[in-house]
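Novice: Before I ask anything, here is the structure I am working with.
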Amino acid sequence: MEQSCRWMLILFMCLITLPALLSEKCFSRSQKTHLHLATKTPYRYITNKNDSVVHYPGCNILQVWMIVRHGTRYPSSKIIRKMRERLPLLRDLVVQNHKLKRGKLCKEEIAALQAWSPHVEEADEKRLAHEGEDEMIQLAERFQNRFPQILPDIYTNSTFKFRHTATQRTAESARHFTVGLFGRRVSRYVWFPEAIYRDPVLRFYKLCQKWRLEVDKNPHSLSERMKFEEGPEMSAALKDISFRLGFSETISIGDAVILYITCSFEIAWDHRAHSPWCAAFSESNMKVFEYTEDLEYYWIDGYGYNITYRQACPPVKDMMQHFLAEEVPGGEPRAQAVVYFTHSGTILKLLAHLGLYKDENVLLHTNFNTMGSYRKWRVSQIDSFGSNLAFVLFRCNKQLKVLTLHQERPVTLPGCPEAELCPLNVLKEQYKESLNGCNFEHICGLLPKTA
Ligand SMILES: *[C@@H]1O[C@H](CO)[C@@H](O)[C@H](O)[C@H]1NC(C)=O
Ligand SMILES: *[C@@H]1O[C@H](CO)[C@@H](O)[C@H](O)[C@H]1NC(C)=O
Ligand SMILES: *[C@@H]1O[C@H](CO)[C@@H](O)[C@H](O)[C@H]1NC(C)=O
């Protein structure tokens, strides 16, 4: 065939297939949905893949103290029930809409939705998901690669100190972290202390009666979220979502939240699959839902009320005490590695106690636009599943210094030099209230009666 003739043919083929290709362009593929899953973000989007050995010239590494949020889990029974009862109805309605040529979903998105059924049962509530196990194994492996001297692959009961709260998801997270360090066989022999109901270091807020009354159970704490849900940004997002799904009436915020949560969990718990429910959202819709979550966590677990972060001194004091033991020459043989497994509520209060991710402005229902892209308080990044905070102690020419890592990346604590190790003495001064004045009963009022 002649060259020009062949080109003509190709051009012709393109012209007839192009409209078909265009009409089949699926909107959800171009949307970065996974960046806005709030506290249901799986750790694989947060990971720092650089796990080369961390070395500071002239410094010896002494200890690591770290605190880890459990890995990806299943939802609460309340949410599982809604997924099982409400979503099949919505699925059928959306498929029906499509048949009537309503809505903007492509064939592929509709097919995925049609094939969807709930894969989670109430018995799974809040259990660690398989993805969560992998997150912990891999997190441990990377930390071991960075700090092989203090996280050796040989287990000894005296040098490793693990602890978790009294829940399946933190116990299993701890177990899988030790699989990552020592391998499956040895991990079975790792000793854990018996978990404490309302652990005063790992879950201090459960003991803080004043916080529970004034913040956690106070409806006012949710008012910024509520007002935002009734505001213009949410109203526009709901209209957009309804239009995309082919509804002539706007769907309720309750239904939309279930779609958002299901999209988030289904992305989180299965890295091979994609949730068909995510196709309901554009990336900018996702940002609106993400902000509702940021507002809620800001006012309940963050900077909203000072009691929330003031009470978070016990873990800081625990870390400092482990580190200050190095100032005493001789002394008892001590743990080189302390690793605690806990919950979102602890991680966020601790971040706020340390003064990290504090925006200049308060998060409000009225400032979504100004806080929009630049806010620091973004739970998708700072409080994903498997979130972790690590303090690493070094001795550099007789001076004790600390490296602080959040989500495996160095962070600068207030008062510390930028991009350098922070002298332990600076931390002692900066957090002296936490170390000496951690009067929990004074901050929190009377302790609740133990069950
Ligand atoms: C990886 O991490 C090491 C240790 O923190 C650092 O020195 C190095 O520059 C990093 N490499 C890259 C490519 O970022
Ligand atoms: C491990 O050490 C703890 C004290 O830190 C002790 O209570 C426990 O019995 C030890 N477990 C084993 C198996 O040696
Ligand atoms: C904490 O906030 C309360 C109420 O807003 C205020 O009265 C109190 O002085 C604050 N306490 C501290 C230590 O900042």
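Novice: So the label point goes 7 Å from the Cα of Asn157 along Cα→C-beta, right? Which residues of segment 175-195 then have their backbone N under 16 Å from it?
Specialist: 186-195
Novice: For Ala273 and Lys101 in one chain, what is 0.36 nm times their gap in residues minus the Cα-Cα distance, to one decimal in nm?
Specialist: So the extension gain works out to 59.2 nm.
Novice: If you don't mind, there's one more thing I want to ask. With a 10 Å radius around each residue's Cβ, average the other Cβ atoms per peptide and rank 52-59, 291-298, 82-89, highest first.
Specialist: 291-298, 82-89, 52-59
Novice: On a 0 to 90 degree scale, rounded to 10, what angle separates helix 130-146 from the longest Cα axis of the chain?
Specialist: Roughly 50 degrees, rounded to the nearest 10.
Novice: By how many nm would the segment from Phe27 to Ser284 lengthen if fully extended, with 0.36 nm per residue of separation less the alpha-carbon distance?
Specialist: 91.2 nm
Novice: For the charge dipole of the chain, defined by +1 on Lys and Arg C-beta atoms and -1 on Asp and Glu C-beta atoms about the Cα centroid, which residue among Ser187, Asn218, Phe247 has the Cα displaced farthest towards the positive pole?
Specialist: Result: Ser187.
Novice: Order 223-235, 309-321 from most to least packed using the mean count of other Cβ atoms within 10 Å.
Specialist: 309-321, 223-235
Novice: Separate question: Quick check on the chain: helices-only [θ] at 222 nm, where DSSP H runs of length 4 and up contribute -39,500 (n - 2.57) each and the sum goes over total residues. Nearest 500, please.
Specialist: Per the formula, -13000 deg cm²/dmol.
Novice: What's the extension gain from Tyr189 to Thr366 if we count 0.36 nm per residue and subtract their Cα-Cα distance?
Specialist: 58.4 nm
Novice: Further question: Restricting the count to DSSP beta bridges whose residues both fall in segment 29-443, what percent are antiparallel, rounded to a multiple of 5?
Specialist: Close to 65 percent.
Novice: OK, next. Show me the ranking of peptides 205-211, 424-430 by mean Cβ neighbours inside 10 Å, starting with the highest.
Specialist: Output ranking for 205-211, 424-430: 205-211, 424-430.
Novice: Expressed as a whole percent, how much of the Cα-Cα distance distribution for segment 204-345 exceeds 26 Å?
Specialist: Percent of Cα pairs beyond 26 Å in segment 204-345: 49.
Novice: Rounded to the nearest 0.05, what FRET efficiency do Lys227 and Leu35 have when you use their Cβ-Cβ distance and R0 = 25 Å?
Specialist: 0.50
Novice: Using only alpha-carbon positions, what ratio does the radius of gyration of segment 45-91 give when scaled by 2.2 N^0.38 Å?
Specialist: That ratio works out to 2.25.
Novice: Moving on. Using amide H atoms built 1.01 Å from N in the peptide plane, name the residues 5+ places from His164, or on other chains, whose amide H lies under 5 Å from its own.
Specialist: Those lying under 5 Å, H to H, from His164 are Phe341.
Novice: Tell me the label-point distance for the pair Ala325, Ala236, using the 7 Å Cα-to-Cβ offset, in nm and rounded to one decimal.
Specialist: Spacing of the two 7 Å Cα→Cβ label points: 5.5 nm.
Novice: Right, next: Note the per residue figure in Å³ for the convex hull of the C-alpha positions in segment 327-421.
Specialist: Given the Cα convex hull of segment 327-421, per-residue volume reads 136 Å³.
Novice: If neighbour count is taken as other Cβ atoms inside 10 Å, put Phe341, Phe204 in order from fewest to most.
Specialist: Phe204, Phe341
Novice: If you take the alpha carbon radius of gyration of the chain and divide it by 2.2 N^0.38 Å, what ratio comes out, to two decimals?
Specialist: 1.11
Novice: Lysines near Lys101 by alpha-carbon distance under 22 Å, same-chain residues fewer than 8 away left out - which ones?
Specialist: Filter leaves Lys25, Lys239.
Novice: Can you tell me the dipole magnitude for segment 29-443 around its Cα centre, using point charges on the Cβ only (Lys, Arg +1; Asp, Glu -1), in Debye to the nearest 20?
Specialist: With Lys and Arg at +1 and Asp and Glu at -1, about 400 debye.
Novice: Need the list of aspartates and glutamates near Lys227 for cross-linking: C-alpha distance under 16 angstrom, and skip anything on the same chain fewer than eight residues off.
Specialist: Glu290, Glu293, Asp294, Glu296
We did not get these values from a lab; they are worked out from the coordinates using the rules stated. Bear in mind the structure is a predicted one, so any value in this text is a computation, not a measurement. Positions of Cβ are generated from backbone atoms using ideal geometry, with glycine treated the same way; all protein chains shown enter the neighbour counts.
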